[in-house]
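A.B. asks: Below is a structure I'd like to ask you about.
None of the figures in this text is laboratory data; all of them are computed from the coordinates on show. Quick caveat: nothing in here was measured; it's all calculated off a predicted structure. In this analysis, Cβ positions are derived from the backbone assuming ideal geometry, glycine residues included, and neighbour counts consider all displayed protein chains.
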Amino acid sequence: MIVSGTKELPAPRETVWGVINEPSEMAKLMPGVESFEITDEKHWTAKVKVPLGLGGLKMTMNFEKLEERPLEFASMRAKGQGVGALMDMTTSFTLSEVEGGTSMVWEADVKIAGPVGAMGQRVLQPIVNQQVSQVLAALEERVSAAAGGGE
Amino acid sequence: MEAPTRSRAISVEVNGEQIEMEVPARRLLVHFIRDDLGLTGTHVGCDTGNCGACTIHLDGEPVKSCMALAVQADGTKIRTVEALAADGELTALQQAFNAHHALQCGYCTPGMLMSATALLERNPRPTEDEVRYALQGNICRCTGYVNIVEAVMATGSGA
Amino acid sequence: MSTVTEQPTTTLKKGYVGQSIPRKEDKRLVQGQGTFFDDVRRHGMGYVHFVRSPYAHAKIVSIDVSKALELEGVYGTITGDEVAIHTDPFFEMSVEPGGNIKDYALAVGRVRHMGEPVAAVCAATRELARDAADLIEVDYDPLPVLVDAEESLKNEVVLHDDAGSNVVWSGVFDWGDVDQALADADHVVKIDRLHFHRFSSTPLECAGALVEYDKGTGEWTLTCNHQMPGVGAIWMAPALRTGIDKLRFVTHDIGGGFGNKICLHPQYVVLCLMARKLGRPVQWTEWRTDQHTANAHGNERTFFDVEVAVKADGEMTGFKVRALDDCGAFPRYEPLGCIIWAQVTPGLYGWRNIRVDFTQVCTNKSPVSPNRGYSRMQHLWLTERIVDIVATELGLDPVEVRKRNYVKAEQMPYETPNGCVYDSGDYAAALDIALDLIDYGSVEARRSEAASRGKLLGFGIGSTLDSGTNNFGQSTLLNPDLQFSGNNEAASVKLDIFGEVVVTLGTVPQGQGHETTAAQVVADILGCSPDQVNVRRGHDTWFNSHAGFSGTYASQFAFTGLGAVKGAAELVREEMIQLAAAVLQAPPDVIELADGFARIKDGPEEAALPFMALGAIINANNAFLPPEFNPTLNHRFVCRPYFGMVDTEKKTGQLTLTYATQIHAAVVEVDPETGEVEIVDYAAVDDCGVRINPQIVEGQVHGATAHAIGAALSEDFVYDEEGTLLTANFYDYHVPHAMDMPPLKTGAMESPSPVAPLGAKGMGEGGGGGIHCIGAAIQDALRAAGGAIVYTSCNPPHRVWSMLQDPEANSAHVEVVSR
Amino acid sequence: MLLREVEYARPATVEDAVSLLATHDGARPLAGGQTLVNVMKARAAAPDVLVDLADLDELRTIGFSSDGLLEIGAMVTYAQLMSSSEVDVARPILAEVASTIADVQVRNRGTVGGNVCVSDPTNHLPPLLAALGATFTIRGAAGERTVSADEFFLGVYMTAVGEGELLTKVSVPPSSGAGDGFAGVTIGKHGTYIVDAAATVAGDNVAIALGCVAAAPVRAAAMEKRLAGSDFSEATVRGAAEGLGETLDPPSDVHGSADYRRRLAEVSAVRAVLQAAGRRKER
């Protein structure tokens, strides 16, 4: 399942890059994150309880940075293993300077296996969209906070 | 206000007999009936609440016991297929199922009988459409429903 | 008590056989007193849950069961490594490369389809076993996934390294001279692609077993719902490195089988290991999603490059086709499917020149197993699609083209191009009954009335044969080294001390009413009422009334099952007459068995011995009998149908013996805006020779038709490109319920079989006609809206809608070359 | 088929229920359970605490508010809707649609509150209540508030009901002469919808809500505008539906592609509107 879109962020590219390139920052954006641990510069894990409305979905997410071209492009892979679902997601972000901030084109290729997948495909696609839009909202908040008052 | 608990003592009237038992909150009503009470006439045929093989009566209403927790049955009256011919005398519906060859493997039959019994208690002379509407929640993979519908209608008209 | 007139024993006295007596099985089943495997409990038994692969193709890097074993109440686990040590791979039937496939009871080193069992855990309660399964950590390394048979042929991704190729079996069957027929034809109709989809009968009771191991005797007892224990034991015993008699199969009531409970040996072997390892009974219940993802799918088969030779007068003289069969991750009952279709090579038609280039491959999907109509349904669908496409393309009437090309009644028994013999039948007459039931004459009037309501009406015929009584010698046409041929089934009949007649069957009924029909046959032979005949429920190896091919499958109970019962009953009958003659001091030929008595025909009142007398003499009071006269009134009989040898060179021979006819006809209305198809009229006509219990026969026709209607309109196992099954349970795999099913009109004929012991043909797998006729009816309906060709066997609303939007794209590339 | 460990409580009052929901992390209300229990059986999601609303009789009533709105308690079952004289008088479409939800057994247990709070895009009631202009009353520690359908349905399994809150009732305007319609294509008779549409025509105006085409019900606003004050003839309604599909981005799955759902949305909207227009009383 491929989901993609563009997001306008009210902050210069440097700030946006500072967030999406920093594992500790990215981890905080995940909905329902409970704890995270940076393994090394390219790898980190997060314990997440994805709020699925009908009950939390506990997952351990292993993130790995794939490719990065500072200020322009970053891609990473997240493998989630949890009870009720197995997720393998590759996401990429392309940043470009625009008037008033940064335009970010994002794309995520999401593979979900296991019982959640079996609960009916037509429910899954909207759920993935919801989770992604929550991540984007958190990113926008984080980025504007960083751009506004600075740390 | 009592705090949430992992298990709970429930009191349920099952086929006329009051049963008190501590059950885990996570135990499905169908497993309580089959495994704890040994009433194995109620069957499980799916895992999404579609097939109706687990149909029983809860406070007089046909319900799917695979989509209820045993703890939810606390304080209710349950009737399972074993109660239909409790005195050994088959009901008119059970006899009609035999006369009209309305069962083959018999796995869906208990659920079918409970749904049809509930229908006839409310609508003694159902039309074919009403019978099919009442049995829509009970899947059968052997009979194609032809003889089942015939048997229920025959019972209705006293044939 | 009905009076029974004496007739020579070879033909049955017209008595209970032929009557729709109510079934003996029903009394317990309508009271919820049936015993299905999951109802049986043992003290201290453990519940087993299988950990299954979420991936369709991946290496198993590691399995860690430590956390699971620490959980309170967990008894133990079994993983693939233990299976590889303690068992051998299952016996493979194919030649190379398929024959080299290693199929273990659990995944060893690699998983090859979503849902494949990777480990098993046993615990004190069902819930604990499920919790423990979540604690077993399996590390997978995903591999590229193969979900398309054509792609699999390229062998870029190979599932079984031991085989080195994805091809399980391939071969060419060439009878007559199809090239000559095509050369002489006035029209050659070419169809480049037809696809028979993947679905299954999904019996309502899923698979499972309670397995106990007796340490003292090294024996396993499986209280289970395996429908073919004979062959199940042949697979399991060598894998477990034990003798076949160490596996005692016990079945009571089974909630439907339809072929989907034949390949249960992998999970059963794991249960046997677990029972032995833990020294306690262990019980496994398969849930619906497990069954859809990993138990038994029907064969998915695609047909390419069909060429049909047609004369100007509409006679079809032959066809050639390339068939590609997708058997999923493991050939379990396969490659038998690569030959079983040849039982009905010409379908119901008289063409003599047929070439089939057949290949079977593996893919990362659930393994297939026989499914109602196994392999014959796929081939008959091909012949019916050919006839309907030829009729559409050449403007022939579908009824006329069938009547012209059907094998005629006067040609029976009819030898097909590959040496099978259609024993009896009148296809045209059966079609006429169906046309009459559906009021064929009014179709055009109904079509215009429907059009006035904005609906497209269509009419379709589906003619099918239910070949029954397998000759396992057909397996040697696939692999000459195989040591299987013929067929057999056993039964025993005894007269007990108090005069009760006791029958044990080798067959394994799952709803077909064997207890009742067997009692009818025995009652007529022994001259008593079926109520006096106690047919023991289910199958038990310890009854010792089974044989190598025991089970219930391939529409053969009426032949082999009842044949064994008849044989055993006749042996007992003979002895009862000899014994009565001795006691009543009269010659045997004046003795008759009737109304539960052995008596002198028209003799004095007192010259009659009740069965109880005979039973008591033999079992408790036999001193007065002369030493050399030793009747036992207890006989086991093995019915061995005679097929003769098959010719492995020409690939000919008698692959089955009886051919029941089923002709289906349907009228549908299509909603052009949404693609929804509604069946507004339906008829099915069955001819299976002598009908032992007409009501039971009719019930089989109803059930088979329901399977066909479900398959034709909604039931489809669809995989995405990652090998995830998208219809993994009844939430998305829609099975017809009471409101989906149209009222069925049924008709019947009786063309007795000259070869079957009772003139009765096996039947029950002829329902495929429903798939054929609904596809034909949809194609007919669409003629008025673009004329799309139906190219697949499952047509839910979205597919019919796409055929309406773009008839060209969706029709198979059909081309007619005329002289 | 076998749930994970879960805690269970059955409070006697709405206040107790709200307090349980507020004070326990991962607590979820359990109404009919006809979806939640299945999701737990599949272990696709697992609440830590189930707060059973069975004893809250206050939520099982159907009546009228002071300003004449039909008030349906959150624990009212589909079967109750079907047999309620108040519903039959005020808004019979509710009973008509309820009678096609799943089967007898599910309708005896499944509740209006459960249907809307699960907010599965294929559920029958979200688009219907959106078209009827229903409002949703939510009670929490901070008291009670009432929101519109647009504000209530946020996404799949996501509604305005937050942690520690409970839907207590759904209020539906009486039809008072308006015509209501519901149409769509299901998987088998009375099955799950592939696409559905609800419509209500009151005087010259029409409200149209589509289901199964997004995470929450979608109003066919452009079509509504085009039809305002029109003759609601078949030709007019079909014309107004043109282009509706292109405004949608429906999911594709084994039962239909996105494109198929776009066309079905148009067909369903037309059929629902024509049914509604045909049932208007005050014409």
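A.B. asks: Working from the pairwise distances between different alpha carbons, so that the mean of 1/r is found and then inverted, what is the stretch D:7-52's Kirkwood radius in Å?
C.D. replies: Mean inverse Cα-Cα distance, inverted, gives 10.8 Å.
A.B. asks: Explain nothing, just the number: dipole magnitude of the stretch D:164-283 about its Cα centre with +1 on each Lys and Arg Cβ and -1 on each Asp and Glu Cβ, in debye rounded to the nearest 20. Don't skip to the end; give the middle numbers.
C.D. replies: Details: 14 positive and 14 negative charges, 68 e Å.
Result for the stretch D:164-283 is approximately 320 debye, rounded to the nearest 20.
A.B. asks: Okay, next question. Taking amide H atoms as placed 1.01 Å from N in the peptide plane, list the residues 5 or more away in sequence, or in a different chain, whose amide H sits under 5 Å from that of B:GLN136.
C.D. replies: D:VAL104
A.B. asks: Quick one: what are the phi-derived ³J(HN,Hα) couplings along the stretch C:319-336, Karplus 6.51/-1.76/1.60 with θ = phi - 60°, whole Hz, x for glycine and proline?
C.D. replies: 8, 10, 7, 10, 10, 10, 9, 9, 9, x, 6, 9, x, 8, 8, 6, x, 3
A.B. asks: So if R0 is 60 Å, what FRET efficiency would A:THR94 and B:ALA3 give, r being the distance between their Cβ atoms, rounded to the nearest 0.05? Mind showing how you got there, number by number?
C.D. replies: On the way: r = 52 Å, r/R0 = 0.86.
Once rounded, the FRET efficiency stands at 0.70.
A.B. asks: What does the convex hull of the Cα atoms come to per residue for the stretch B:7-83, in Å³?
C.D. replies: Working: hull volume 5.7 nm³, N = 77.
Each residue corresponds to 74 Å³ of Cα convex hull volume.
A.B. asks: Provide, in order from the shortest bin, the percent of all Cα-Cα pairs of the stretch D:33-83 in each 10 Å bin, continuing until the bin that contains the maximum pair distance.
C.D. replies: Taking all Cα pairs of the stretch D:33-83, the binned fractions are 20, 38, 28, 12, 1 percent.
A.B. asks: Under a 10 Å cutoff between Cα atoms, tell me which one of D:GLN34, D:GLN105, D:GLN80 has the largest fluctuation in the Gaussian network model of chain D.
C.D. replies: Sorting by GNM fluctuation, first place goes to D:GLN105.
A.B. asks: Further question on the same structure: In nanometres, what is the gap between the two model label sites at C:ALA784 and D:GLU242, each 7 Å from Cα along Cα-to-Cβ?
C.D. replies: Each label point is offset 7 Å from its Cα along the Cβ direction, giving 2.6 nm.
A.B. asks: From other protein chains only, count the Cβ atoms within 10 Å of every residue's Cβ in B:28-41, then give the mean.
C.D. replies: That works out to 3 on average.
A.B. asks: Determine Rg/Rh for the stretch D:57-172; Rg is computed over alpha-carbon atoms and Rh is the Kirkwood hydrodynamic estimate from the same atoms.
C.D. replies: Values: Rg = 13.1 Å, Rh = 14.0 Å.
Here Rg/Rh amounts to 0.93.
A.B. asks: Specify which residue in the list D:PRO126, C:ALA434, C:GLY314 is farthest towards the positive end of the charge dipole of the protein assembly as shown, using unit charges on the beta carbon of Lys, Arg (+1) and Asp, Glu (-1), about the Cα centre.
C.D. replies: Comparing the listed Cα positions along the dipole, C:ALA434 ranks first.
A.B. asks: Amide H of C:ALA598 versus every other amide H placed in the peptide plane: which residues, excluding those fewer than 5 positions away on the same chain, fall under 5 Å?
C.D. replies: When sequence neighbours closer than 5 places are left aside, the close amide H contacts are C:LEU609, C:PHE611.
A.B. asks: Continuing with this model, one more query. Report, in deg cm²/dmol and to the nearest 500, the calculated mean residue ellipticity at 222 nm for chain A, where each DSSP H run with n ≥ 4 adds -39500 (n - 2.57) and the sum is divided by the residue count. It would help to have the intermediate numbers written out before the result.
C.D. replies: Working: 4 runs with 47 residues, N = 151.
Per the formula, -9500 deg cm²/dmol.
A.B. asks: Could you list A:TRP44, C:TRP542 in order of exposure, starting from the residue whose Cβ has the fewest other Cβ atoms within 10 Å?
C.D. replies: Numbers: A:TRP44 21, C:TRP542 12.
Ordered from fewest to most neighbouring Cβ atoms within 10 Å, A:TRP44, C:TRP542 come out as C:TRP542, A:TRP44.
A.B. asks: May I ask you to list the GluC sites (Glu not before Pro) in the stretch C:428-527 that are in a DSSP loop and have at most 15 other Cβ atoms within 10 Å of their Cβ?
C.D. replies: Working: sites: C:GLU444, C:GLU449, C:GLU489, C:GLU500, C:GLU515; in loops: C:GLU500.
Hits after loop and neighbour filter: C:GLU500.
A.B. asks: What is the distance in Å between the Cα centres of the stretch B:45-98 and the stretch C:373-430?
C.D. replies: The stretch B:45-98 and the stretch C:373-430 have Cα centres spaced 47 Å from each other.
A.B. asks: Right, something else. Mean residue ellipticity at 222 nm from the helices of chain C, using -39,500 (n - 2.57) per DSSP H segment of n ≥ 4 over the full residue count, to the nearest 500 deg cm²/dmol?
C.D. replies: Numbers: 21 runs with 216 residues, N = 819.
Rounded to the nearest 500, the figure is -8000 deg cm²/dmol.
A.B. asks: Specify the inter-centroid distance of the stretch D:6-44 and the stretch C:519-598, based on alpha-carbon positions, in whole Å.
C.D. replies: 61 Å
A.B. asks: Once you list every other residue whose beta carbon is under 15 Å from the beta carbon of C:THR517, what net charge do they have if Lys and Arg are +1 and Asp and Glu are -1? Please list the in-between numbers first.
C.D. replies: On the way: positive: C:ARG23, C:LYS24, C:ARG536, C:ARG537, C:LYS566, C:ARG691, C:LYS761; negative: C:GLU25, C:ASP26, C:GLU489, C:GLU515, C:ASP524, C:ASP531, C:GLU698.
Net of charged neighbours comes to 0.
A.B. asks: So, one more: Is there a simple number for the mean count of other chain Cβ atoms within 10 Å of the Cβ of residues in D:156-165, and what is it? Each step should come with its number before you reach the end.
C.D. replies: On the way: counts 12, 9, 8, 1, 0, 1, 0, 1, 0, 0.
Neighbouring Cβ atoms belonging to other protein chains average 3 per residue here.
A.B. asks: Determine the dipole magnitude for the protein assembly as shown: charges of +1 sit on the beta-carbon of Lys and Arg, -1 on that of Asp and Glu, nothing else is charged, the reference point is the Cα centre, and the result goes in debye to the nearest 20. Don't skip to the answer; put the middle values down first.
C.D. replies: Working: 116 positive and 181 negative charges, 272 e Å.
Computed about the Cα centre, the dipole is about 1300 debye.
A.B. asks: Along each of the three principal axes of the Cα atoms of chain D, give the extent in whole Å, ordering the values from largest to smallest.
C.D. replies: Cα extents, longest axis first: 57, 46, 34 Å.
A.B. asks: How large is ³J(HN,Hα) for each residue in the stretch D:148-159, as worked out from phi by the Karplus curve 6.51 cos²θ - 1.76 cosθ + 1.60 (θ = phi - 60°), to whole Hz, x for Gly and Pro?
C.D. replies: So the J values, rounded to whole Hz, are 7, 5, 4, 6, 7, 7, 9, x, 6, 6, 10, 10.
A.B. asks: Given the pairs C:LYS277/D:LYS41; B:LYS64/D:LYS41; C:LYS215/C:LYS246; C:LYS246/C:LYS494, which are separated by over 19 angstrom at their Cα positions? Intermediate values should be presented prior to the final figure.
C.D. replies: Details: C:LYS277/D:LYS41 30 Å; B:LYS64/D:LYS41 14 Å; C:LYS215/C:LYS246 11 Å; C:LYS246/C:LYS494 26 Å.
Where the Cα-Cα span goes over 19 Å, the pairs concerned are C:LYS277/D:LYS41; C:LYS246/C:LYS494.
A.B. asks: Moving on to the next point. From the phi of every residue in the stretch C:647-659, what ³J(HN,Hα) in whole Hz does the Karplus formula 6.51 cos²θ - 1.76 cosθ + 1.60 yield, where θ is phi - 60° and glycine or proline is x?
C.D. replies: Per residue, the Karplus-derived 3J(HN,Hα) values read 9, 5, 6, 7, 6, 10, x, 7, 7, 8, 10, 10, 9 Hz.
A.B. asks: GNM on chain D, C-alpha springs below 10 Å: top fluctuator among D:PHE152, D:PHE232, D:PHE182?
C.D. replies: D:PHE232
A.B. asks: Work out the charge dipole of chain C with +1 on the Cβ of Lys and Arg and -1 on the Cβ of Asp and Glu about the Cα centre, then indicate which of C:PRO480, C:THR724, C:ALA666 is farthest towards its positive end.
C.D. replies: C:PRO480
A.B. asks: For chain A, would you read off the P(r) tail past 20 Å as a percentage of all alpha carbon pairs? Could you put the intermediate results ahead of the total?
C.D. replies: Working: 5298 of 11325 pairs.
The proportion of pairs with Cα distances above 20 Å equals 47 percent.
A.B. asks: Per residue and in cubic angstrom, what volume does the convex hull of the Cα atoms of chain C have? Don't skip to the end; give the middle numbers.
C.D. replies: Values: hull volume 138.6 nm³, N = 819.
Each residue corresponds to 169 Å³ of Cα convex hull volume.
A.B. asks: Report, to one decimal in Å, the Kirkwood hydrodynamic radius for the stretch C:663-716 based on all distinct Cα pairs.
C.D. replies: Details: mean 1/r = 0.0777 Å⁻¹.
Kirkwood hydrodynamic radius for the stretch C:663-716: 12.9 Å.
A.B. asks: Here is a further query. For a quick size check, give me the Cα extents of the protein assembly as shown along its three principal axes, largest first, whole Å.
C.D. replies: 116, 82, 71
A.B. asks: So what's the stretch D:116-202 giving for Cα Rg divided by 2.2 N^0.38 Å, two decimals? Walk me through the numbers on the way to the answer.
C.D. replies: On the way: Rg = 14.2 Å, N = 87, 2.2 N^0.38 = 12.0 Å.
Against the compact-globule rule of thumb, the ratio is 1.18.
A.B. asks: Right, next: If the reach is capped at under 27 angstrom between alpha carbons, list the lysines near C:LYS320, excluding any in the same chain fewer than eight residues apart.
C.D. replies: In chain and number order, the partners are C:LYS154, C:LYS190, C:LYS311, C:LYS403, C:LYS408, C:LYS650, C:LYS651.
A.B. asks: Taking 41 Å as R0, compute the FRET efficiency from the Cβ-Cβ separation of B:ARG125 and D:VAL89 and round it to 0.05.
C.D. replies: Values: r = 28 Å, r/R0 = 0.69.
According to the calculation, E is roughly 0.90.
A.B. asks: Could you check the spin-label model distance between C:PHE629 and B:ASP36? Points 7 Å from the Cα along Cα→Cβ, value in nm.
C.D. replies: The two pseudo-label positions are separated by 6.5 nm.
A.B. asks: To the nearest 20 debye, what is the magnitude of the charge dipole of the stretch C:540-616 about its Cα centre, counting +1 on the Cβ of each Lys and Arg and -1 on the Cβ of each Asp and Glu? Before the final figure, lay out each step's value.
C.D. replies: Values: 4 positive and 10 negative charges, 55 e Å.
Its charge dipole is roughly 260 debye.
A.B. asks: Compute for the stretch D:179-279: radius of gyration divided by Kirkwood radius, i.e. Rg/Rh, restricted to C-alpha atoms, rounded to two decimals. Mind showing how you got there, number by number?
C.D. replies: On the way: Rg = 12.7 Å, Rh = 13.2 Å.
Rg/Rh: 0.96.
A.B. asks: Of C:ILE696, A:TRP106, C:ILE774, which is farthest towards the positive pole of the protein assembly as shown's charge dipole, taken about the Cα centre with +1 and -1 on the beta-carbons of Lys, Arg and Asp, Glu respectively?
C.D. replies: Farthest towards the positive pole: C:ILE696.
A.B. asks: Same structure, new question: With just the Cα atoms defining each centre, how far is the stretch D:96-127 from the stretch C:176-198? Give it in Å.
C.D. replies: What the calculation gives is 52 Å, centre to centre.
A.B. asks: Around D:THR168, which amide H atoms from residues at least 5 apart in sequence, or from another chain, sit under 5 Å from its own amide H, with H modelled in the peptide plane?
C.D. replies: D:THR137, D:ILE138, D:ARG139
A.B. asks: So what are the three principal axis dimensions of the stretch B:29-137 from its Cα atoms, in whole Å, longest to shortest?
C.D. replies: Principal extents (largest minus smallest coordinate, Cα): 36, 30, 27 Å.
A.B. asks: Oh, and also: Using Cβ contacts closer than 10 Å as the measure, can you line up C:SER170, C:SER818 from fewest to most?
C.D. replies: On the way: C:SER170 21, C:SER818 12.
Exposure proxy ranking, most exposed first: C:SER818, C:SER170.
A.B. asks: Using a Cα-Cα cut-off of under 21 Å, which lysines could be cross-linked to A:LYS111, ignoring same-chain neighbours fewer than 8 residues away?
C.D. replies: Here the lysines satisfying the reach criterion relative to A:LYS111 are A:LYS47, A:LYS49, A:LYS58, A:LYS65, A:LYS79, C:LYS59, C:LYS365.
A.B. asks: How many partner chain Cβ atoms sit within 10 Å of a residue's Cβ in peptide D:29-38, on average, as a whole number? Please report the intermediate quantities before stating the final value.
C.D. replies: On the way: counts 0, 4, 0, 4, 7, 5, 5, 3, 9, 11.
Other-chain Cβ atoms within 10 Å of each residue's Cβ, averaged: 5.
A.B. asks: If each residue's Cβ is checked for other Cβ atoms within 10 Å, how do C:ARG280, D:ARG91, D:ARG145 rank with the fewest at the top? Write out the running numbers ahead of the final one.
C.D. replies: Numbers: C:ARG280 17, D:ARG91 24, D:ARG145 13.
Placing the least packed residue first, the sequence is D:ARG145, C:ARG280, D:ARG91.
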